[in-house]
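The block underneath contains the structure these notes are about, expressed in structure tokens.
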Amino acid sequence: MNYRMLGYLLSVVLLIEAALLAFPLVTAMIYGESILPYLITMAILTVVSVPSIIFKPKNTVIYAKEGFICVAASWLLMSLFGALPMVLSGAIPNYIDALFEIASGFTTTGASILTEIESLPKGILLWRSFSHWVGGMGVLVFMLAILPSTDGRAIHLLRAEVPGPTKGKLVPKLRQTAIILYGIYVALTVIEFVALLISGMSFYDALVSSFATAGTGGFAVKNASIAGYNNPAAEWIIAIFMLLFGVNFNLYFFILIGKIKDVFKSEELRAYLAIFLVSSAIIVINTWSMFANASDCIRATVFQVTSIMSTTGFATVDYNLWPELSKTVLMVLTVIGACAGSTAGGLKISRVLILIKSIFREVRHMLRPRSVNVVKIDGEVLSEEPVKAAGSYFALYVLIIILTVLILALDGFGFETNFSATLACINNVGPGFGAVGPVGNYSDFSWLSKIILSLNMLFGRLEIMPMIILLSPLGWKQR
Amino acid sequence: MLEEKYMNIIVVGCGTVGAAICAQLAEEGHDITALDKSVDALSEVVNSYDVINLEGNGADVSVLRRAGADKADLLLAVTSSDEVNILCCAAAKRLGTKNTVARVRNPEYSELIQLMRSEMNLSLTINPELAAAKEIYRMLRFPSAAKTETFCRGRVELAEIVVSEESELCGLSLFELRSKLNIKFLVCGVLRGEEALIPSGDFCIQAGDIISITLPETETVRFFKEIGVYKQPVKNVLIVGGGRTTYYLEAMLKEGKINSVVIEKDKERCRDLIEQYSCTVICDDGTDHDLLLEEGIDRIDAFLALSDMDEENAIISMYAKKREVPKIITLISKLSYVDLFKNMGLESIVSPKSSTAEYILRYVRSMESVLDSEIESLHKIMDGNFEALEFIVKEDIEGLTDIKLKELRPRRGVLVACIVHNGNVIIPTGDDVIRRGDTVIVITSDKQMNSIRDIL
């Protein structure tokens, strides 16, 4: 294994994190808060990464294994170091709590251990929300966009970080693909930001909300989440953008190059929109009586459905109080998630489609054992590899959920809380039900549970494999 | 580098040659789309090189459209099927690709190539076995060198020589060698083990080094005689393997009045050879040592192992080496074997796949030529570590022409190996000058030189 190259890449990632800390630092200066926590963290990051970065290794070849380990290690290290400003500023004095919070930030989960948000320094709150933006499109993709072309094999890094069952490039050159993805990401964020400003939000609020929407994270700077703004126009804007950020970015690229017909050919997109419409309809009907008028009901439903589907996790109502049917629909949406190749979490709709279609295939095969059956997506036959991979992924996913729920049970909370907390974390949604609902938080869990849930967040965002390879001795064996 | 012009290239067929081309062209910065029917071949390529992949049949118009054939600058068809390659190029040209190159191996098509070029709009066709046969013939003409290339329409010779332990060259520095021999030549590159370098005057030659020399073609015989490695020109050859390469080679041997005996297992192939040429053809297993002895392996000037199996070629070449045949040429298909067999002592190895890749790269490189000086030819030497480029200086270039070489500051790893002025071959010293109209041969480790200006 090419340790030197691994070390080099990790150092680049940590230096990028140090550079990104400039944003909260500037914010702290503007609001007259202490900039020390950020400076100290930046110094530590720089000192740790400088030795590996001075000498770029001669052998830059990496394979799939290094790609996975690099991605998993980067995210772990980013979280470990990213928690420091929180601790140093006194905002979150307990390191494990801070780790939970920043991991929740980078993985764009949005689950919080904070019982009271509005009293925290603005710099810390910005770092918290900004981490969503960084983690949404990914820090390794960012690195691929800014570094001069390293090697054709860097595609392993892209594959390990961008979610979805099948991934490829948009254009022949990897670096250009990364630049295009980030370009679209930045553009959409800016458009939302401007729209929110127009709707009446303050500069700061519009900024952090755009960051959180773009990464589909869900950290808000108000205790009452988005409801705290009392701004229906803003709620609609955020809902629309949450929906947009859950779409496969490849489709946006197709729009840009004029291949609009290809966009609507995407089964995944059509399924996404269909699920959105059907779930919204069910919940509107189910919760009709709870709202004062139709417009409130529709707005709240659409907001919540898009929030959960895109795995953002913003809330405008306490949906914990909703009837069981609506809550269950929301839970199913949590598991499905949004489209692959977006910043959202969950299983991903394309994976769910593959799983469902393989079920049909199995049934057909059992009825007529001699028939030849294939799984088709977007009209094209899918090879066996992604189909098998989707099945194994799902099995691993279920296994992790079961183990996590078991460990959480030690804390003594109810099943609704434990189960929804697990689902919310591994699918990177954020809020669940019960004690971790939209008006609750994760503060009462034990340190063990918080660590396990943080790991779940990483599992979810990185789609399990990279983390497993990092943590398992098999991954590190020389042969 | 001057304005980089990155081209849009489609490579159809990701086998050995396709993959090698993707590797080199992607490194040079072009936008490559790799097309193949096999998902496995594609994933090999896309996982290792900065290209984008597309699965499908290269001759299928809809697939070509998706690959962007209408906007492509170049399409290279190197699948294993000649017919697919030709169809592919024809379709692409109609869709709008600017240039197309097809690999065509079947000798039965070789006469049609002229017709195909105009009718089907192929810009170029490559025949790897023909290229290999040409290379083998060149080696036979100059058996003393491991490998030779000619430049400037045959006026300049670039020869690679393996320094054996008994050679008179061992232990001499380049200064000493120059003064000892009264011939104008230049050692432009040395390959020692895995390291290739451009030597300075105090460099000491050791046994096992492979040195690359430029010299006027007229001086070659004298040079080899002087350094004691002269081998008599080849009159009799023994060839094992009667495939396409041998087929093409026989024509050249006939012209060069070299006698040959071919040993080939397959009856059909034997018949094809006999029908066309008047060589002696033996239908039997060439790996049989007794047979080789019977056919006079001890009495021949050169032994050519040209069968379809790399391993067999290597083994019988080693046997020929043991029998002390003066010149042994081995045909190796798998690129990864070449280094291994070179280390085992087989000096002269011909690889059709790497010649094809090199030929195509040459073509691509010449497509990018700048107006004022063109790449006439390009050869990879020293195991692919260096490139030898032939430029024609068409116009005066400021800072380059009419300035003494010792006042020019060439870049690191660049050497002006030879200047041909008015037909005279000049092995340059610091006082020589490049003038308009000259042909200049440059050796460089930077594999992306496009223009004569790049030497500065």
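Nothing in this text is a laboratory measurement; each read-out follows from the coordinates by a stated rule. Predicted model only: the values in this text are computed from it and were never measured. Reconstructed Cβ throughout: ideal geometry from the backbone, glycine too, with neighbour counts over all protein chains shown.
List, in the order given, every pair from A:Lys348/A:Lys388; B:Lys265/B:Lys321; A:Lys173/B:Lys71 whose Cα-Cα distance in the structure shown is over 18 Å.
In this structure, B:Lys265/B:Lys321 exceed 18 Å between Cα atoms.
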Exposure proxy check: B:Tyr137, A:Tyr204 ranked by fewest other beta carbons within 10 Å?
-> A:Tyr204, B:Tyr137
With a 10 Å Cβ neighbour count serving as the proxy for reagent exposure, in which order, fewest first, do B:Thr33, B:Thr214, A:Thr109 appear?
-> B:Thr33, B:Thr214, A:Thr109
At a Cα cut-off below 18 Å, give the lysines reachable from A:Lys65, other chains included and same-chain residues fewer than 8 away excluded.
-> A:Lys167, A:Lys477
Counting DSSP beta bridges in the protein assembly as shown, what percent are antiparallel, to the nearest 5?
-> 55
Helix-only [θ] at 222 nm, the protein assembly as shown, -39500 (n - 2.57) per DSSP H run of 4+, per residue, nearest 500, equals -15000 deg cm²/dmol
May I ask you to derive the FRET efficiency for B:Asp290 and B:Ala251 from their Cβ-Cβ distance with R0 = 41 Å, giving the value to the nearest 0.05?
-> 0.85
When all C-alpha to C-alpha distances in the range A:233-384 are sorted into bins of 10 Å, what percent of pairs does each bin hold, rounded to whole numbers?
-> 11, 35, 29, 18, 7, 1
The aspartates and glutamates whose Cα lies under 13 Å from the Cα of B:Lys406, excluding any fewer than 8 residues away in the same chain, are B:Asp431, B:Asp432
Expressed as a rounded percentage, what relative contact order does chain B have, with Cα pairs under 8 Å and six or more residues apart?
-> 11
For chain A: Kirkwood Rh in Å [reciprocal of mean 1/r, alpha carbons] | 22.7
With the Cα gyration tensor of the range B:288-381 in hand, convert its eigenvalues to equivalent ellipsoid semi-axes via √(5λ) and list them largest first in whole Å.
-> 35, 13, 10
Once both labels are modelled 7 Å past Cα along the beta-carbon direction, what's the B:Arg66-A:Lys222 spacing in nm?
-> 4.8
Give the calculated FRET efficiency between A:Ile40 and A:Ser119 to the nearest 0.05, with a Förster radius of 25 Å applied to their Cβ-Cβ distance.
-> 0.65
The range A:67-198: relative contact order from alpha carbon pairs under 8 Å, six or more residues apart, as a whole percent, is 22
Could you sort out which of B:Lys180/B:Lys342; A:Lys56/B:Lys447; A:Lys56/B:Lys353; A:Lys265/B:Lys98 sit more than 26 Å apart by Cα distance in this structure?
-> B:Lys180/B:Lys342; A:Lys56/B:Lys353; A:Lys265/B:Lys98
Compactness check, chain B: C-alpha Rg relative to the 2.2 N^0.38 Å globular estimate gives 1.01
Straight-line reach check, A:Lys169, cutoff 18 Å on alpha carbons, 8 or more apart in-chain or any other chain, hits among lysines -> A:Lys259
The range B:18-64 versus the range A:117-145: alpha-carbon centroid distance in Å | 37
Relative frequency of Cα-Cα separations exceeding 44 Å in the protein assembly as shown, percent | 45
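Given a Förster distance of 45 Å, report the FRET efficiency between B:Ile403 and A:Asn59 from their Cβ-Cβ distance, rounded to the nearest 0.05.
Values: r = 40 Å, r/R0 = 0.89.
Taking R0 as 45 Å, the efficiency between B:Ile403 and A:Asn59 is 0.65.
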Relative contact order for the range A:283-381: what is it in percent, counting Cα pairs under 8 Å that are at least 6 residues apart?
-> 18
Here the gain from full extension of B:Ile315 to B:Leu340, 0.36 nm per residue of separation minus their alpha-carbon distance, amounts to 7.7 nm
Take A:Met331, A:Met309, A:Met1 and order them by how many other Cβ atoms sit within 10 Å, fewest up front.
-> A:Met1, A:Met331, A:Met309
Inter-part gap, Cα centre of the range B:250-286 to Cα centre of the range B:118-158, in whole angstrom, is 21
